[in-house]
Amino acid sequence: MTSRWRLLSVMGVMALMFSACSGGGATTSPSAAASGAPSAAPSEAASPSTAPSEAAAPVTITWYHIQNNDPGLSLWKALADEYMAAHPNVKIDIQVNENEAFKTKLTTLLQQGDVPDLFQTWGGGGLRQQVEAGLVKDITADIASWKDTINPGALGMYQVDGKNYGIPFDLGLVGFWYNTKSFTDAGITTPPKTWDEFLTTVQTLKAKGITPIALAGKDTWTGAFYWAYLAVRNAGQAGMEKAVVSGDWSDPAFVKAGEQFKQLIDLKPFQKGFLAAPWDGAGSGAAAMATYNGAMQLMGQWLPGTVNANSGGSRAMGEGLGWFPFPAVEGAAGDPFDGLGGGNGFAVGKDAPPETVDFLHYLVSLDAANRWGALNSGILPTTNGSEASTTDPMLSLVLEGRAKAKFVQLYLDQATTPELGGAINEAVATLYAGTGTPESVAQAINAAAGQ
Amino acid sequence: MATDVGSSSRTGRNLRAWGVAGLFMLPALALYALFVLFPIVQAARFSLFDWNGLEALDKFIGLANFERALADPVFLGAVSHNAFIVILSLAVQIPFALGLALMLNRKFRGRAILRLIFFAPYVIAEVITAIVWSLLLQPNGLAEHLLTAIGLEDAYSPWLADTDTVLIALFFIITWKYFGFHMILLLAGLQGIPREIEEAAAIDGASRWQGIRYVTLPLLGPTIRVSVFLSIIGSLQLFDLVWVTTRGGPVNFSNTMAVYMFDRGFVRFQFGYGSAVAVILFLICFVLALAYQRWVLRRDTEGATTYG
């Protein structure tokens, strides 16, 4: 075990994580949407804070977030400064960590029982573990008056057994990105709406000599998106929630998902050497798409940035890209607009002072959300009514898809455990590498969930 | 250093010698205990728990983690891949390095340059080697262009992306990286063999081949045995190169024990289970190393040690 391993661990895990960073393109000044007077903060906030803060004793809120780059870094700081100006008794101690460093740091802090007052969370199974360890505060009652201002699908990801333990500020969605030129060349005028149409689209592209799909088979979570989405389609919200919470993945819908994915795999739609392609960097799925060696890719809202970064300067941010939601599966139990995605939120530590929730409310106020949206940084705010603040055309497409989704399934590795997520990725990979069957995949996942 | 033996106060002297030796070793021993023994003991302890690294360490499950590893086809596959690399290394890499060493031990123009070139890959960091080779071997990479340029475009396939060829491709990269190291090791051994012995054999009528077979190789034995030992241990611990090029894929066809351990421990956060895998890996290396020392390296080490 050399020290290189530690570096590698960081690199490796980093590659597996969905840090929603599409970067670039941020031309709007953060202050554009900000009103001059900081104290006139959230307009819709019938904020409970005004009364107690008058003569309240001084408190310090430790706040761990992971927006370690601008523009997000400055926006968070500005919001904290504004809040402190309006509440002189509150001091906010901001601790900024890079994504991976934060995870290590938080694990250490939690093991010591030294829980931050407000900290980054991705919801789902990770949050559930922290809740079960008694480290996170139940804020259901505290947020009752304003929880309806938050996108309900996003909010649900931060609930454990019906109680709220966190508040989202960002939710992205996985969907199909495509090269508009490839579709035009193949004479495809409208993106496919159903799975059957999608399979036809793949065949049409193939017949024209265009590689239909770029897949990053080395990073197995990318391939697992297909299976997960088809599982959401077939099992629906109820079926997914049952499987995720109970750990019983024996629903035939999950075999069905494998069968439908297999229909696609059998068309051999992926680029040459896809099994060794990483999701980012040289030889990656994103590079394949950037060089038109792959017309479509099922990926999160960060893809335009990744394609831009892997194009060698040949493609500007979002240039020549389109987006369509994952196709509907006819006759399946799920709502055709249900999504798969994930984002960022904050959890409140078990010993946090009561002011923490109020501060959190300020961070997700419509004003704050609009300022986030205007940055077009890849953070897609989850406060209702803030959707229009995002002006980047690519991100707006994703937001449109998100608006239609009544239910968004959190990425399976975050919804369950990294352990089960890894097993799902591994099992699904056997399907597109040709060593597994839809049945064996479903069995492997069910077995891993039962462990 | 020879001690003088057989005196009457032998035990007293031995004790004193041990005391002095102990005092000198104390700092090293303390560090060794802190950074080697303690983690091993900790890993052994964690391996008995179902633990995700976050919750309290209270789900004691005995040897269940070990049973699970030994029943997991993915882990057993990883073990077989390590064995495959060990065998290929011994069968191909060391003989290749030996041949080069024998060649470069003769005097000819450009010898120093060649030695330098052959040794160069070893100097490059393993991660960089892995990145460079994945770039070379990927579709539309240098390998494909070169083969196309000489009219062999059909000979190319994305080897690292094929379950049938990925291990061979990785072994090729490993060999590229490490043959120079073994070559230098063997070259050093060759230069320790007095020229006169080989000359005497030649005068006695031994052919060039007989000279190598009956004089040079036996005298090079200790070096070869060390080279083999390092090669075995290196192959068993293989991690960086695989993690960066293929991450054990496609579908675990290039998984190794260390990759499996890292993936289960640090990616999937099964620290208890990952620790169990680490313990198994440790035991395999430890037993092999001990056995090798005991039966293969014994003559070499005995010659270098004196007993009081």
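The table below gives the values:
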read-out	value
Region A:265-274 - phi-based ³J(HN,Hα) in whole Hz, Karplus 6.51/-1.76/1.60, Gly and Pro as x	4, 5, 7, 6, x, 8, 5, 4, x, 5
Two-site label geometry, A:GLU132 and A:GLU98: point separation in nm, points 7 Å out along Cα→Cβ	3.2
Percent of C-alpha pairs per 20 Å bin, the protein assembly as shown, short to long	14, 42, 30, 12, 2, 0
Chain A - mean residue ellipticity at 222 nm from DSSP helices (-39,500 (n - 2.57) per run, n ≥ 4, rounded to 500)	-13000 deg cm²/dmol
Model label zone, A:ALA333; criterion: amide N under 18 Å from point 7 Å along Cα-to-beta-carbon; scope region A:417-445	A:439, A:442-443, A:445
Between region B:134-209 and region B:33-76, the Cα center-to-center distance that results, in Å	39
Pairwise FRET efficiency - B:TRP18 versus B:PHE119, Cβ, R0 = 51 Å, nearest 0.05	0.75
Amide H within-cut-off set for A:THR194, under 5 Å, with H built and near neighbours excluded	A:ALA328
Protein accessible surface hidden between B and A, which excludes ligands and nucleic acids, total in Å², probe 1.4 Å	2900
Per-residue mean of C-beta atoms belonging to partner chains within 10 Å, peptide B:152-159	2
GNM result for chain B, Cα springs below 10 Å: residue of B:MET261, B:MET183, B:MET103 fluctuating most strongly	B:MET103
Cα-based helix-to-principal-axis angle, A:438-449 vs chain A, degrees rounded to 10	30
Surface accessible to a 1.4 Å probe, per residue, for the residues of chain A, Å²	37
Karplus (6.51, -1.76, 1.60) ³J(HN,Hα), θ = phi - 60°, over region B:242-251, in Hz, Gly and Pro reported as x	5, 4, 6, 6, 10, 6, x, x, x, 5
Most fluctuating residue given options B:PRO27, B:PRO218, B:PRO95, as computed from a GNM of chain B linking Cα atoms under 10 Å	B:PRO27
Fraction in percent of alpha-carbon pairs per bin - 5 Å, region B:175-308	2, 9, 13, 14, 14, 13, 10, 8, 7, 5, 3, 2, 1, 0
Ordering of A:155-161, A:203-209 by burial proxy (mean other Cβ atoms within 10 Å per residue, highest first)	A:155-161, A:203-209
Mean separation of Cα contacts under 8 Å (6+ apart) over length of chain B, as relative contact order %	30
Region B:125-283, relative contact order [Cα under 8 Å, separation at least 6], %	23
Protein accessible area in the protein assembly as shown, 1.4 Å probe - carbon and sulfur %	62
Global geometry of region A:62-116, whether rounded, prolate or oblate, following the gyration tensor of its Cα atoms and the 1.5 cut on a/c	oblate
For region A:298-345, the fraction of alpha-carbon pairs in successive 5 Å shells from zero, as %	4, 17, 20, 16, 16, 12, 9, 4, 1
Burial ranking of peptide ranges A:131-144, B:283-296, B:35-48, B:161-174 (average Cβ count within 10 Å, highest at the top)	B:161-174, A:131-144, B:35-48, B:283-296
Per residue value of the accessible surface for chain B (all protein chains in place, 1.4 Å probe), Å²	55
Burial of 30 Å² or greater, region A:129-151 residues [accessible area, probe 1.4 Å, versus chain by itself]	A:GLN129
Estimated inter-spin distance, A:THR190 and A:ASP248, nm [label 7 Å along Cα→Cβ]	4.1
Inter-part distance where region A:312-367 and region A:110-177 are each reduced to a Cα centre, Å	13
Amide H partners (placed H, <5 Å) of A:ASP170, local residues excluded	A:ASN344, A:THR382
Interface residues, region A:256-275 - accessible area loss of 20 Å² or more versus chain alone, probe 1.4 Å	A:LYS272, A:GLY273, A:LEU275
Alpha carbon Rg of region B:85-242, scaled by the compact-globule rule 2.2 N^0.38 Å	1.23
Inter-label distance, nm, simple model (7 Å from Cα along the C-beta direction), A:THR60/A:LYS147	3.2
Relative contact order of region B:1-145, pairs being alpha-carbon contacts under 8 Å that are 6 or more residues apart, as %	7
Efficiency of FRET from Cβ geometry, B:ILE150 and B:ILE197, R₀ 35 Å, rounded to 0.05	0.15
Residue among B:GLY272, B:GLY110, B:GLY189 with the largest mean-square fluctuation in a Gaussian network model of chain B, springs linking Cα atoms under 10 Å	B:GLY110
Partners for A:LYS105 among aspartates and glutamates (Cα-Cα distance below 13 Å; same-chain residues under 8 apart left out)	A:ASP114
Potential lengthening between B:LYS59 and B:ALA112 on full extension [0.36 nm per residue; Cα-Cα distance subtracted]	13.1 nm
Gyration tensor over alpha-carbon atoms, chain A, equivalent ellipsoid semi-axes in Å	38, 24, 20
Cα-based reach from A:LYS181 at 22 Å (exclusive), listing lysines while leaving out same-chain residues under 8 positions away	A:LYS193, A:LYS206, A:LYS208, A:LYS268, A:LYS272
Cα-based Kirkwood hydrodynamic radius, chain B, one decimal, Å	23.1
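The values are calculated or read from the model by the stated rules, or taken from the named source; none is laboratory data. Because the structure is a prediction, the values reported are computed rather than measured. We place every Cβ from the backbone using ideal geometry, glycine too, and count neighbours over all the protein chains shown. Accessible surface areas use protein heavy atoms only, side chains included; no ligands, DNA or RNA. Shrake-Rupley method; radii C 1.70, N 1.55, O 1.52, S 1.80 Å.
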